[in-house]
Amino acid sequence: MKKSPTIYQTMAAVCAAAVLTAGCSAQQPKTEKVQQTQETATQAAESEAVSENRSTGFPFTFAAYDLDGTEHIQTIDKVPQKVITNNQSSTELLLKLGLGDKIIATVLKDNPTTDDLAAAYDAIPVLADKRDISKEKVVGMEPDIVVGRVKSFTPETLGSVSDLNAMGIAAYTQEATRMDQDVTMDSIIEDIRNIGRIFKKKEQADKMAEELTARLTATEERLKNVEGEPLKVLFMVNYQDGTFGGYGNNASLQKDLLTRLHAVNVLDKGGSALSAENLISMDPDVIVYVKGTHNEGADQNAVESMLSNDVIKSVKAIQNKKILAVEYNDLMGGGYRTFDCMEALADFLYPETANK
C-alpha cells in the first residue's frame, strides 16, 4: 500500500518550492538594474558628447550654393580633417589660419603667393588647373569637405554640391564668389568667419575679420572728401596686339570695390574679344591690368605695348600713363588679399589722399 506523504514532507516541499521561486525573483531585479545602469551611462556619454560639441560650435549648419543660387544645407559635426580647395584664395585663407596640415590637394595657382605662405603652399599636392579639375579625382581622394569658389562646383568640373553631398562630402562655397546675387567686400569677411567656425579657428578668424573691417573703414574714411565725378576704370586682361578681355559690372565684388573707391567700371559686361576701337570708345581714366598664370606670355609686355601703340594714344589712361598692374588673385580671387588690392588702388587713384 502506497503511503501518503506526511505533513512534514508536504511542508518541506512547499518550502523548497518557495526557495526556488524566491531565487528566480531575486535575479530579475539585478539584471534590470545592470541594464538600467548601462543605459544611464550611455545616455550620460551621449549627453556629454552633445554638450562638448555645442561648446565648440558643433554641429554647425551653413548653406552652400550652385551657380544659379540653388541652396544646399550643410551640417558638420566635427572639424573636417581632409580638405580639398579649388582656388588660391581659399587655400591661402586656410594656410593663414594654420590649417595647412588638413589640405590634401588644391589646384594650380593664379599667381605667386605671398612669401609667408609660399613654402606651405608649394607643399600641397596640385590636382589640376581649376578649369580642368574632375569630379573623379576629387571623390577618389575622399575629402571631408571641398572649399572654394562657386564656379568650380559643377558636374563638368569637380562636381556639383549635390554630387559631392551624395558621396558624403560637404562643400563650402565662398560667399564672395557667388554669381547669382550681388556680393560685397563684407562677403569676404563673412567667409573668413564661417571658415573659422567650420575648422574651430573662430578666435583667429574673428581677429582677422575685425582687422579687415578696420582697414575697410579706414579706406572709406580716407576717401570720404573726394569730390567730382567717379573715375572711370577698366579692368583689362590678356592684352595682345590691340585686343584684350575685360571684367565688367557683372563681377559684383569688384563693382562694390570700385564704388567704395569713388570709381566706376566702364565695361558693363565682361568679354574676351575687345578691340582698340572698344578701348577708345570707353576712354577710361585708369586701366587696371590683371595678370594671371594663364596669360603669362601676354602679361610680360602688355603695359609697354599699350603705351607704345599710337592707335590708342588718345585714351586718357594711355595719355596719362595711369595703368596699374595687379594680380588676378588680389582683384578677382574673392579672398583677404582683395583688401591689399583695395589699398593699392586707393593709392593709385587718389595719391593725394595717401597717408592721410
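The values are calculated or read from the model by the stated rules, or taken from the named source; none is laboratory data. Bear in mind the structure is a predicted one, so any value in this text is a computation, not a measurement. All Cβ positions, even for glycine, are placed from backbone atoms using ideal geometry, and neighbour counts span all protein chains on display. Just so you know, the surface numbers come from the protein's heavy atoms only, side chains and all, with ligands and any DNA or RNA stripped out. Shrake-Rupley method; radii C 1.70, N 1.55, O 1.52, S 1.80 Å.
Miscellaneous remarks
- Selection status of residue 250, in contact with a strand residue (DSSP E or B) (Cβ under 6 Å, 6 or more places away or on another chain) and not small (Gly, Ala, Ser): no
- Taking the criterion of being in contact with a helix residue (DSSP H, G or I) (Cβ under 6 Å, 6 or more places away or on another chain) and part of a helix (DSSP H, G or I), the only residue of the stretch 136-162 that qualifies is 150.
- Residue that is most open to solvent (accessible area, probe 1.4 Å), among those in the stretch 176-191 that are touching a Gly at 6+ places or on another chain (Cβ under 9 Å) and among the hydrophobic types (A, V, I, L, M, F, W, C): 179
- Hey, residue 264 closer than 25 Å to residue 218 by Cα and touching a Leu at 6+ places or on another chain (Cβ under 7 Å) or not: yes
- Residue in the stretch 298-309 that is open to solvent by 50 Å² or more (accessible area, probe 1.4 Å), without any contact (Cβ under 8 Å) to a residue 60 or more places away in the chain, part of a helix (DSSP H, G or I) and at negative phi present: yes
- Qualifying residue in the stretch 145-167 (condition: more than 11 Å from the chain's Cα centre (by Cα), at positive phi and of a type in the set (Asp, Glu)): no
- Each residue in the stretch 88-112 was checked for being modelled with pLDDT of 95 or more and not in a strand (DSSP E or B), and 15 of them qualify.
- The stretch 222-247, residues that are touching a strand residue (DSSP E or B) at 6+ places or on another chain (Cβ under 7 Å) and among the aliphatic types (A, V, I, L, M): 231, 233, 234, 236, 237
- Screening residue 292 on (1) closer than 15 Å to residue 247 by Cβ; (2) more than 22 Å from the chain's Cα centre (by Cα); (3) of a type in the set (Gly, Ala, Ser) shows it passes everything except condition (2).
- Matching option when the condition is part of a loop (DSSP other than H, G, I, E, B), of a type in the set (A, V, I, L, M) and open to solvent by 10 Å² or more (accessible area, probe 1.4 Å), among 127, 67: 67
- Single residue of 259, 173, 213, 219 found to be out of contact with any strand residue (DSSP E or B) (no Cβ under 8 Å at 6 or more places or on another chain), surrounded by 17 or more Cβ atoms within 10 Å (Cβ to Cβ) and modelled with pLDDT of 95 or more: 219
- Filtered residue count, the stretch 229-247, keeping only those that are small (Gly, Ala, Ser) and modelled with pLDDT of 95 or more: 2
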